[in-house]
1. How about the stretch 39-64: which of its residues are under 16 Å from residue 20 (Cβ atoms) and aromatic (Phe, Trp, Tyr)?
2. When you check residue 269 against the structure, is it exposed (fewer than 11 other Cβ atoms within 10 Å of the Cβ), within 25 Å of residue 109 (Cα to Cα) and either at pLDDT 70 or above or not basic (Lys, Arg) (or both), yes or no?
3. In the stretch 20-33, is there at least one residue being surrounded by fewer than 17 Cβ atoms within 10 Å (Cβ to Cβ), outside the structural domain of residue 147 (by TED's automatic domain parsing), modelled with pLDDT of 90 or more and touching a strand residue (DSSP E or B) at 6+ places or on another chain (Cβ under 8 Å)?
4. Among the residues of the stretch 81-105, write down those that are under 23 Å from residue 144 (Cα atoms) and either assigned to a strand (DSSP E or B) or at pLDDT below 70 (or both).
5. How many of the residues in the stretch 132-158 are farther than 24 Å from residue 210 by Cβ and at pLDDT below 90?
6. Among the residues that make up the stretch 282-294, is at least one of them touching a strand residue (DSSP E or B) at 6+ places or on another chain (Cβ under 6 Å), surrounded by fewer than 21 Cβ atoms within 10 Å (Cβ to Cβ) and at pLDDT 80 or above?
7. Would you mind finding the one in 129, 185 that is in contact (Cβ under 8 Å) with a residue 60 or more places away in the chain and among the aromatic types (Phe, Trp, Tyr)?
8. Determine which member of the set 190, 174 is over 21 Å from residue 253 (Cα atoms) and surrounded by 13 or more Cβ atoms within 10 Å (Cβ to Cβ).
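The values are calculated or read from the model by the stated rules, or taken from the named source; none is laboratory data. As the structure is a computational prediction, the values presented were derived from the model and not from experiment. With ideal geometry, Cβ positions are generated from the backbone for all residues, glycine too; neighbour counts draw on all protein chains shown.
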Amino acid sequence: MYRASTLKTGLFGRWGWRQHHDASEFQLGAPLVASANGQYFQDVHPLLTLDNIKAIAPDFDGTEAEVAAKFDAWLTNKTQASILKAIRSFWDEKMVEKTAANILESRALFNGAGRLADTIPNNGKIVGFEIIPIRSKGTTVRIDSIGLQFNGAGLVDLYLFHSSRKEPIQHLPLTRTRAEGMEWFNQSGLYLPYISEDKDAGGSWYMVYVQPDGPGGTKAINRELDWSKKSVNADLRDQPATTLSWSRYLEVHPMSTAHNWGATPELWDITDNAYTYDANYGINLQFTVECDITEVILEQQNIFDNVIGLQVAADMLREFAYNPNFNINRVGANLSKPEILYEIDGDSQGTRDSGLSHELRVALEAVKLDVSSLSRVCFPRNNRGLRYRSIG
């Protein structure tokens, strides 16, 4: 999988649109003309002029400045849509070839629920899970739902932290409406990636809440389970739950700390964590381990430059061809729809592949080989080194 919103903004600006040659004509905004790789879309094909593009744009109303802003937004959306189309084509082909796939489909940390009598005393501590996903570039853990089992209804204020950031990554206020039984809360977009733009690589995640201070209040119901299978004198933090089916891809360490963040939640001194392998503090998680190529692509975005340039060019020319009001005058004659499609798809009756679509297919093949060495889990090689297999 990939995070589309992150990629469309992260890859936008690799290529730019060259500013209109005539300063008296409409001018593009700075984000559209910025080019990180020094290349411009107009150089991919001679039909990609701003005048031609303006000819297929909607007729925007407003002042000159408003029209310019609306045109910029329209062209930005068109460009970003083609960028995502290029990435989708790459990912879809990898999936078809079974060279990338979800590593572990939706799985719960444990089955069943705790006995109602097995409550955990409240003492005002921060409690929950330390979560360490597999340390491999291109992988992410997606939390699908969070299960809570307490002996009463009410709010459980969960927070998600990462060891590289003082402030919480996410606040998850979950209100239980039932007492005693396990209650599940579906999540959307809750990811624990190996690396991302707002956190360091690796490290630990913490899903925690603060217990009430004192013996009263709603108590968590414990699920009796040996989380550690620890050996004598071993550092408990280094002992994954090896008997569980997900332990190859994820470490989960129940923990508590006497720290309390008061009015402003922030990361505590994690060296003071106490690891409590016989308690789950009323929490269960259902999760999926995925191949997330978002950060791999952003880190190695130059590999995708050619694909992006060709995709944007091919999509824009196709819009020219199918826009009924679009005409290009070349040497006194209108360029017809078949002529534009020939530039994109080549000669369907010929013996040699040609056109922008053919160039794009060749570029995609090159990218598929380039990324094979970027993630040992998501894009593993086989013995021949040319095709890849999925982890199953």
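1. Across the stretch 39-64, the qualifying residues are 40, 41.
2. Values: exposed (fewer than 11 other Cβ atoms within 10 Å of the Cβ): yes; within 25 Å of residue 109 (Cα to Cα): no; either at pLDDT 70 or above or not basic (Lys, Arg) (or both): yes.
Against the criterion (exposed (fewer than 11 other Cβ atoms within 10 Å of the Cβ), within 25 Å of residue 109 (Cα to Cα) and either at pLDDT 70 or above or not basic (Lys, Arg) (or both)), residue 269 does not qualify.
3. yes
4. Selection gives 95, 100, 101, 102, 103, 104, 105.
5. To start, the set of residues in the stretch 132-158 that are farther than 24 Å from residue 210 by Cβ comprises 133-140, 142, 144.
Narrowing the set further to residues that are at pLDDT below 90 leaves 133-140, 142.
Qualifying residue count for the region: 9.
6. Yes, because at least one residue in the stretch 282-294 is touching a strand residue (DSSP E or B) at 6+ places or on another chain (Cβ under 6 Å), surrounded by fewer than 21 Cβ atoms within 10 Å (Cβ to Cβ) and at pLDDT 80 or above.
7. Numbers: 185 fails: in contact (Cβ under 8 Å) with a residue 60 or more places away in the chain.
Step by step, each of 129, 185 is checked, and only 129 is in contact (Cβ under 8 Å) with a residue 60 or more places away in the chain and among the aromatic types (Phe, Trp, Tyr).
8. Values: 190 fails: over 21 Å from residue 253 (Cα atoms).
Every option except 174 fails the conditions.
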